[in-house]
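Nothing in this text is a laboratory measurement; each read-out follows from the coordinates by a stated rule. Predicted model only: the values in this text are computed from it and were never measured. Every residue, glycine as well, gets a Cβ built from its backbone with ideal geometry; the counts of neighbours run over all protein chains shown.
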Amino acid sequence: MSNVSPSLILAKVAGSVPPECLPNIIIIGSLAAGYHFFGQDKDLYVRTKDIDSVLRPRNTAVKSAEAVAEKLIGAGWEQKEDGNHGKPGNQDTPDDKLPAVRLHPPDTKDWFIELLTEPSPGDQGDRRWLRVKLSTGHFGLPSFSFLSIITYKPVLTPFGLFCARPEMMALANLLEHPTIRPERMSGLIESRAIKRSNKDLGRVLALARLSGEKMEAWSEEWAEALANIFPRKWKSLALEAGAGLRAMQASSDDLEEAAFTCNNGLLASRPVTTEQLGITLQRLLIDAIEPLAAKAKE
């Protein structure tokens with residue numbers, strides 16, 4: 001992963017895509033978090049390699065993906081082809097085997113932009129794919145469970161792009177990981193193979209730690225988002241939101257792994273000990289997760 005300035009990267013992406021597509025792009029993940037917390041401080045950075053960009057609405061996402069990708073390709077951006085699913089597909093490639101659109105700029109391979117889209121309303125299924133036909137081949141535009149939570153009421157930046165809100169990224173990751181699953185990420189972080197659940201739940205804790213006292217308002221915002229996006233089952237989702245963190249709290253090894261990923265990601269500029277992250281976990285449970293559950297029981 002590379003150390004990047006959130007504002008500089010956002011400006012570069014905004015200046016590279018078609019202007020008419022800017023209102024339809026929401027930046028999520030580490031870069032969005034970095035913008036919220038470090039965007040105005042040139043001495044702070046975020047460590048990331050992928051610039052996740054969600055195209056909305058879903059019914060025009062393929063057209064937007066084609067416009068954005070072709071503009072970048074025409075400007076010298078190239079498909080990131082390493083990994084198991086990097087090379088372009090063709091008309092015979094099944095949708096779920098298509099590579100995602102991952103393009104790195106012509107002047108560096110340290111980071112790349114990846115295109116995604118929102119799921120269908122109420123969809124909580126596994127990954128879904130929309131086919132995108134480019135001049136370089138066939139690609140897939142993925143959507144994920146709870147991505148509609150991440151993109152709920154995003155913040156408009158001065159660059160014309162939107163950024164996801166930290167509390168919505170946190171909630172989506174909480175719901176995505178009700179347990180600590182054994183599956184580990186394919187890539188290594190400083191020679192360590194990390195559990196995906198620990199990385200994503202670690203990001204929740206990093207977002208909470210960086211948010212400080214603002215975290216106390218999260219339960220209200222979470223309840224509103226859940227009720228609007230999943231009106232029929234928001235209460236059951238709210239009651240499940242803290243399960244993964246409680247499992248982590250009970251495992252010193254998982255908490256240590258989460259701290260390791262935080263210090264190699266969002267907290268690279270402000271590293272923490274495992275003990276400090278455990279305190280943040282407890283605060284998040286008390287200040288946000290338990291109040292959310294209480295609202296669901298009302």
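Things to note:
- In this structure, the amide hydrogen of residue 102, modeled 1.01 Å from its nitrogen in the peptide plane, lies closer than 5 angstrom to those of 80, counting only residues at least 5 positions away or on a different chain.
- Interchain or long-range residues, amide H under 5 Å from residue 165's placed H: 155
- Charge dipole (debye, nearest 20) of the chain; +1 at Cβ of Lys and Arg, -1 at Cβ of Asp and Glu: 380
- Around the amide H of residue 49, modelled in the peptide plane, lie the amide H atoms of 2, all under 5 Å away and 5 or more residues distant in sequence or on another chain.
- Global form of the range 148-285, assessed from the alpha-carbon gyration tensor, a/c cut-off 1.5: prolate
- Adding -39500 (n - 2.57) for every DSSP H run of four residues or longer, then dividing by how many residues the chain holds, sets the calculated 222 nm ellipticity at -12000 deg cm²/dmol.
- Dipole in debye (nearest 20) - the range 1-119, about Cα centre, beta carbon charges: Lys, Arg +1; Asp, Glu -1: 140
- Compactness of the range 243-282 as Cα Rg over 2.2 N^0.38 Å, two decimals: 1.07
- Most positive-pole-ward Cα, 132, 281, 238, against dipole of the chain from beta carbon charges: 132
- Loop-located GluC sites (Glu not before Pro) in the range 142-239, at most 15 other Cβ atoms within 10 Å (DSSP): 183, 190
- Across every direction, the projection of the convex hull enclosing the Cα atoms of the range 20-115 has a mean area of 7.5 nm².
- Between residue 60 and residue 274, the modelled labels are 5.0 nm apart [label points 7 Å from Cα along Cα→Cβ].
- Derived scalar couplings ³J(HN,Hα) [the range 181-187; Karplus, 6.51 cos²θ - 1.76 cosθ + 1.60; whole Hz; x for Gly, Pro]: 7, x, 4, 10, 5, 5, x
- Set of the range 8-42 residues, backbone N closer than 12 Å to the point 7 Å along the Cα-Cβ line of residue 108: 8-13
- Label point distance in nm, residue 181-residue 220, each placed 7 Å from Cα along Cα→Cβ: 3.4
- Which of 98, 32, 212, positive extreme of dipole for the chain (C-beta unit charges): 98
- Kirkwood Rh and Cα Rg combined as Rg/Rh, the range 89-183: 1.01
- Pairs exceeding 24 Å between alpha-carbon atoms, taken from 97/153; 63/195; 63/235; 109/153; 49/199; 87/109: 97/153; 63/195; 63/235; 109/153.
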